[in-house]
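Chemist: Right, I'll just put the structure down here and ask away after.
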Amino acid sequence: MNAVPVVGRVAELREAADAARARGGSVGLVPTMGYLHEGHQSLVARSAAENDLTVVSIFVNPLQFAEGEDYGTYPRDLDRDLEMCADAGAGLVFAPGAEEMYPQVPLTSVAVEGLNAVLEGWSRPAHFDGVATVVAKLFAMLGPGRAYFGEKDYQQLAVIRRMAADLSMPVEVVGCPTFREPDGLAMSSRNVYLAADERPAATVLWRSLQAGRDAVVQGSRDPGEVEAAMASVLAAEPLACPDYAAVVNAATLERPDVLDGELRLLVAARVGRARLIDNLGLDVGRL
Ligand code: PAF
């Protein structure tokens, strides 16, 4: 298999994208923080099927980690990532250093107000501003026609969609389904933190989402009741420390008074060193 070219400078990235566009080609972007898994590969493969040049960015973005979070220990393995990118059909990897992404302390930040403050924002208040800012920079650096994000980080996808719409960014934000292990655990780079005895316990997030879905399917339209069904599954797992179990409107992320239309069930819990999140979509109109 051919190795995928890697660049670290914005000027090289732009040159490659401009050359593809000059040939009449389209450019797709898959932003990542590396330590790739099959879920990332599915985004790359989708982009490669829909665009002439697929760029994968690999950058562990310090802006989206708070003091005391895992920025320093976030798993990194560039060689393995490059093989996985090549395997999935990437045309170029952009792997900049922090000094290339942030040559000076940024005075500008992108805040998608409201969407940045709920759910993950309750315990990670500055997280989504960091995500939106780096993704806005990547869009400005590359100018992709499409950008691909996993639904596993559902709130992130909602934040980025809204940012792109509010700022009239000429990019189609494409959401792609979550990839799961056979026992239901959503694939995540942070699953590597799970110790052997914690790994089976981590399926509690998926089990909790299923309990929430079952409650809605069985007729509950009361968000409190559905959240209680999810929370009780989380609470029953001794190795899990639950953060939240919520049911919200899929577009606004607001909690409705009565469950109707397109919903998203979302859960977060700490299992050992790993803080895990997961979610599930449900359309009440189609039950
Ligand atoms: O989902 C991620 O890996 C990151 O939040 C992203 C979108 C690459 C921004 O750093």
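Chemist: For segment 83-92, just list the computed ³J(HN,Hα) in residue order, Karplus coefficients 6.51, -1.76 and 1.60, θ = phi - 60°, integers in Hz, with x standing in for Gly and Pro.
Modeler: So the J values, rounded to whole Hz, are 4, 5, 5, 4, 3, 8, x, 5, x, 7.
Chemist: Pairs of Cα atoms under 8 Å, at least six residues apart: use those to get the relative contact order of segment 27-120, whole percent. Don't jump to the answer; show the numbers that get you there.
Modeler: Values: 109 pairs, mean separation 31.1, N = 94.
Value for segment 27-120: 33 percent.
Chemist: Continuing with the same structure: What is the fewest-to-most order of Val267, Val226, Val6 by other Cβ atoms lying within 10 Å of their Cβ? Could you put the intermediate results ahead of the total?
Modeler: Values: Val267 29, Val226 24, Val6 17.
Fewest-to-most Cβ neighbours within 10 Å comes out as Val6, Val226, Val267.
Chemist: Additional query: Can you give me the distance in nm between label points at Thr252 and Asn2, each placed 7 Å from the Cα along the Cα-to-Cβ direction?
Modeler: About 4.9 nm separates the two model spin labels.
Chemist: While we're here: Neighbour counts of other C-beta atoms within 10 Å: give me Thr252, Thr178 arranged from fewest to most.
Modeler: Values: Thr252 13, Thr178 20.
Fewest-to-most Cβ neighbours within 10 Å comes out as Thr252, Thr178.
Chemist: Moving on to the next point. Please state, as a whole number in µm²/s, the translational diffusion coefficient that the Stokes-Einstein equation yields for the chain at 37 °C and 0.692 mPa s, with Rh defined as the Kirkwood radius across alpha carbon pairs. Numbers along the way, then the final one.
Modeler: On the way: Rh = 19.8 Å.
This corresponds to a translational diffusion coefficient of 166 µm²/s.
Chemist: What percent does the relative contact order of the chain come to when contacts are Cα pairs within less than 8 Å and at least six residues apart? Intermediate values should be presented prior to the final figure.
Modeler: Working: 533 pairs, mean separation 45.7, N = 287.
Relative CO of the chain lands at 16 percent.
Chemist: Ranking His40, His127 by Cβ neighbours within 10 Å, fewest first, what do you get? Can you show the working numbers first?
Modeler: Working: His40 26, His127 20.
Going from least to most buried by this count: His127, His40.
Chemist: Dipole magnitude of the chain about its Cα centre, charges +1 at Lys/Arg Cβ and -1 at Asp/Glu Cβ only, in debye to the nearest 20?
Modeler: Values: 25 positive and 39 negative charges, 62 e Å.
Computed about the Cα centre, the dipole is about 300 debye.
Chemist: Could you list log10 I(q)/I(0) for segment 75-177 at q = 0.15 Å⁻¹, which the Debye formula gives when each Cα is one point scatterer?
Modeler: Result of the Debye calculation: -0.74.
Chemist: Sequence gap at least 6, Cα distance under 8 Å: using those rules, report the relative contact order of segment 137-210 to the nearest whole percent. Let's see the in-between values first.
Modeler: Numbers: 59 pairs, mean separation 20.7, N = 74.
Relative contact order, segment 137-210: 28 percent.
Chemist: Nearest 0.05, what FRET efficiency do Leu287 and Ser232 give at R0 = 30 Å with Cβ-Cβ as r?
Modeler: Values: r = 22 Å, r/R0 = 0.73.
Working from the Cβ atoms, E equals 0.85.
Chemist: Continuing with this model, one more query. Measure nothing but the geometry: give the 0 to 90° angle between the long axis through the Cα atoms of 38-50 and the longest principal axis through the Cα atoms of the chain, rounded to 10°.
Modeler: 50
Chemist: Another question about this same structure. Could you work out [θ]222 nm for the chain from helices alone, using -39500 (n - 2.57) per DSSP H run of at least four and dividing by all its residues? Round to the nearest 500 deg cm²/dmol.
Modeler: Details: 10 runs with 105 residues, N = 287.
After summing the helix terms and dividing by residue count, I get -11000 deg cm²/dmol.
Chemist: Moving on to the next point. Just to be sure I understand the model, the point goes 7 Å from the Cα along the line to the Cβ. What's the resulting Glu262 to Asp79 distance in nm?
Modeler: 4.3
Chemist: Please give the helix 154-166 orientation as an angle from the longest Cα principal axis of the chain, in degrees from 0 to 90, rounded to the nearest 10.
Modeler: 50
Chemist: Per-residue HN-Hα couplings for segment 124-132, Karplus 6.51 cos²θ - 1.76 cosθ + 1.60 at θ = phi - 60°, whole Hz, x for Gly and Pro?
Modeler: Result, ordered by residue: 10, x, 9, 4, 6, 5, x, 5, 4 Hz.
Chemist: Would you pull out the residues with amide H under 5 Å of Arg180's amide H, same chain only if 5 or more places away, H placed 1.01 Å from N?
Modeler: For Arg180, the qualifying residues are Met187.
Chemist: Apply 1/(1 + (r/R0)^6) to the Cβ-Cβ distance of Ala98 and Asp183, taking R0 = 30 Å, and write down the FRET efficiency to the nearest 0.05.
Modeler: Details: r = 36 Å, r/R0 = 1.21.
The value I calculate is 0.25.
Chemist: Cα centroids of segment 101-158 and segment 253-286: how far apart, whole angstrom?
Modeler: Centre-to-centre distance over Cα atoms comes out at 20 Å.
All of the numbers you see were taken from the coordinates with simple rules; none came from a lab. Note that the coordinates shown come from a computational prediction; the quantities given were computed from them, not determined experimentally. Here the Cβ is made from the backbone with ideal geometry for all residues, glycine too, and neighbour counts use every protein chain on show.
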